[in-house]
Amino acid sequence: MAAPLDISPAQAEATPEAVIQGAGGRKIEGRSLGEIAWMRLRRDKVAIGSAIFIVFLVLVAIFGPFLVQSPFTYHPNLINPTLSGPNGAFGGISGAHWFGVEPTTGRDVLARVVVGARYSLIIAFLATALAVIIGVFFGLIAGYFGGWVDTLIARTMDVFLAFPLLVFAIALVGVVPNSAFGFSGNNLRVGLLIFIIGFFSWPYMGRIIRGQTLSLREREFVDAARSLGARGPYILFRELLPNLVGPILVYSTLLIPTNILFEAALSYLGVGIIPPTPSWGEMLSDAVQNGYYYIDPMFMFIPGLAIFLTVMAFNLFGDGLRDALDPKSR
Amino acid sequence: MIRSKITGLAALGATAALTLAACGGSGGSSGSNSSSTSTSYGQGLTSIINPSNTPSSGTLTFDLSNTPDSTDYQNTYYAFMWNFVRLYSMQLLTYKSCPGACGEQLVPQLATGPGVPSNNDTVWTYHIKPNVKFENGHTVTSADVKYGVERTFAKSVLPNGPSYYQVLLKDNKYPGPYTDRAKNVMGLTSVTTPNATTIQFHLSQPFADFDYVVAIPQSTPVEPAWDTGKYGGANFQLHPESTGPYEFQSYTLNKQITLVKNPNWNASTDTEAKQLVNKIVVNLNVNANTVDNNLMSNYADIDMAGTGVQTAARSKILTQPSLKGLADDPISGFLRFAYINTKVIPNVHCREAIEYAANKTSIQDAWGGPVVGGDIASTVIPPTVIGYQKFDLFNALSQPGGDIAAAKQQLKLCGKPSGFTTGLAYRTDRPQEVAAAQALQASLQQVGIKANLQGYLSGKYYTDFAGAPAYVHAHDLGISQGGWGPDWPDGYGFLDELSNGNTIVPAGNTNISEINDKSINSLFATAAGQNNTAARTAIWPQIDKKIMGMAAILPEVYQKVLLYRNPNVTNVYFDRPFGMYNYAVLGLK
């Protein structure tokens, strides 16, 4: 129960209790949602650290291959042929080979990790982009239109989620010829991997967007737009989409590490990048399948560490981004 | 004729046979002596380690990292199984149990002597020993041997074994005993049994190597009555009827096989096997690294697969002298090589450029180096196979790093001085083959030959990809990685499927180079009708040289395996025909 109103006219002309003055006397300006999010993100040291690492990684992937030695050059003199392992401690680490050399061949591990970063990141980024585009489009449509459209799309997503993806990937890589769609060799393989990974991870994005759209479409601003005569496409892409940027950003960031791991898994199974082009998964697979990890643990440790750090950086950054954009979901 | 063949082989293995005689002579007493003497690296290649005829009450344990294709002797194609089934079966002929080249001799086991050919080598007659018993005490007759051969025709029930009888016998349309309704008629007309101890094989064409065919475990006798009901057909492998020193006690699929002594086995009728332990246990699906650890810590006695130790155990064995003395490093008789397709790369000089440019050392390293990879190869026939003759057309031995100058010279003669582009097929699920393909690619790059790697899964490699000429032509697969081990250790077993023009088939092709050379084909025809062993053996190096002259095969390595022998096991030695230790004679201290 509210207290009985007893307000004198004098009190009605109240002055604000707080003085609109920032600390140090600076004037306070209105902040946009983005600015608030950026402020929150900046305070999250872990997220910022991860972001710096990601930027570093991207720079390595872009410029690194021009700085390191050839990842294809054999150095048989650095290898003990009887045991297949590199001469010297820690996988043959030396001034010329900072991360050591590969068992059997003597190829420089640093060069292979750096060039591998390029392939692993290209595949992960583009596959994520593909998944986001498909996922957002269908998620929006399913959530906004509802009814049989929603049923159709939602069930399709269920089918995709239930699909034995790895088996399909192995089969598809096996049947696609060596040159198709104007590509050949490794370019074709990279394209194929992007397609497979992207095409099968869109439902994760689609379901999230669909759920968000379902709640957004009942909001007043959508009703307002509709009463002003706005039609489907306008509402979808001008009203709803901007409000979904937060979740899209967050879940894209979280999808990237998943895709890096997936690329590694495919390379591990021998259907990833075509050798001798390096990729992290291929290096791990070499270490495990040939049993090199017994004689040269460094050779397994280095690509493993690269995958671990990358996946962790993207995950932590994604978490930080989510906390910044949408603190309620914490 | 055949007698001369056997003597010829005996001469080849004379030194090894002498060693055997020396060891075998002292029998049990030397067994007790040897327990204190230490053995040396590679000693098992030329002599029997811990020779002993003393029975032990212990259990001989085999570990296997996967499972056998079948324990049915008529339905298996794995070398280790052909070796192992000798513990519970007898064949008409078998390989002599002795080390070195001596072990490549065929000796009668169930038969009284080698096959007697007649009618221009198309009829082969064997007489079997009259007093050999099955595990149930029944006497083995020629009809039982015939029934065993009939079983090999039932490919829908027993698909795994080789098909030599279907290829060679006249009655090649016989459907097998399970669909042959009139059981008592004994339907395979190409095998006749004039009496209980005589069996005759009627071939559609002369085949001088037939003795090797009956040495394959498929000639094991089986009673038709045993092959019915609980242990009939595909379930026969759960308890194959034994004629050997041991019999099945139990077989839990994918887990364990247990063998116990066969009371009806008689050492006087089976001189090539021994019955020295009470029990034999085979543990299946043991992790490959665990197998090695079990061997070295005496939890297991033999690694059944016989393909050598893993990387981890290799570095242990080679770096510790005490372990190294317990290891052997034999040439297994298996060749790693690359097919160079004569249709995709029709110009011989272009193919020769590949032969010269290949860096044999880095390819050898890819296969595992000089100890477990193999010796650098310059011929198609490996040194342990009858018919080997050393030659080095492309300087593989004198310039193992690749003869770049000669390769460039050949490219000029080919009309492509700056090189060319071709596909290079390999199996993605074989890590060493992946490495070898990359090493070959890297070395060809040096002379401008660009080899595009094309990986395939091994399950379909021969049926759909490298072994399908139409696919090979359409995808420009000029080079395909391959490996070959013979079904029997002579030139025919090695060369026929790789280079005889009539073996080119649309799918499952093993003559991937598509060698169809008149002179080679006629040499094979000559050999098939040549009963004189020396003359026949002289043909194999000729074919080998012709294949190499065509530059149709790039030999990479004569595979070597690093085998570890548990010091508690007796009568251990490397058996050439199977490329591993002889399992038929093992005992325990």
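We did not get these values from a lab; they are worked out from the coordinates using the rules stated. Bear in mind that the values here come from a model prediction, so they are computed numbers and not experimental data. All Cβ positions, glycine included, derive from the backbone under ideal geometry; neighbour counts span all protein chains shown.
General observations
- By the count of neighbouring beta-carbon atoms within 10 Å, fewest first, A:Asp223, B:Asp487 end up ordered A:Asp223, B:Asp487.
- For B:Thr197, the residues whose amide H sits under 5 Å from its own are B:Ser142, ignoring neighbours fewer than 5 places away on the same chain, with H placed 1.01 Å from N.
- Its relative contact order, with pairs defined as Cα atoms under 8 Å and 6+ residues apart, puts chain B at 21 percent.
- For the range A:35-189: relative contact order, % (alpha-carbon pairs under 8 angstrom, 6 or more apart): 15 percent
- Over all pairs of different C-alpha atoms in the range A:84-123, the reciprocal of the mean inverse distance, the Kirkwood hydrodynamic radius, equals 10.5 Å.
- For chain B, the Cα-based Rg and Dmax, in that order, read 24.0, 73 Å.
- Applying a DSSP loop filter and a limit of 12 other Cβ atoms within 10 Å to the trypsin sites (Lys or Arg not before Pro) in the range A:224-281 leaves A:Arg231.
- Kirkwood Rh in Å, taken over the protein assembly as shown so that all alpha-carbon pairs contribute: 31.9 Å
- Ranked by how many other Cβ atoms sit within 10 Å of their own Cβ, fewest first, the residues B:Phe494, A:Phe195, B:Phe207 fall in the order A:Phe195, B:Phe207, B:Phe494.
- Contact order for chain A, expressed relative to its length and based on alpha carbon pairs under 8 Å spaced 6+ residues apart, stands at 23 percent.
- Less than 5 angstrom separates the built amide H of B:Gln454 from those of B:Leu424, B:Ala425, B:Tyr426, all sequence-distant by 5 or more or on a different chain.
- Each residue of the range B:466-483 is assigned a 3J(HN,Hα), and the resulting list reads 4, x, 10, x, 4, 5, 4, 5, 5, 9, 6, 8, x, 10, 9, 6, x, x Hz, derived from the Karplus form 6.51 cos²θ - 1.76 cosθ + 1.60 (θ = phi - 60°), x at Gly and Pro.
- Mean-position separation - Cα centroids, the range A:181-235 and the range A:297-321, in angstrom: 28 Å
- Helices in chain A that qualify as membrane-span-like (whole DSSP H runs, Cα extent of at least 30 Å along the helix axis, mean Kyte-Doolittle hydropathy of 1.0 or higher) are A:45-67, A:109-145, A:245-268, A:297-325.
- Efficiency of FRET between A:Ile36 and B:Asn285 - r from beta-carbon atoms, R0 51 angstrom, step 0.05: 0.30
- Three principal axis extents of the range B:331-560 based on alpha-carbon atoms, in descending order, are 49, 37, 36 Å.
- Cα shape, chain A, gyration tensor, a/c 1.5 rule: oblate
- The average projected area of the range B:432-495, computed from the convex hull of its Cα atoms over all directions, is 5.7 nm².
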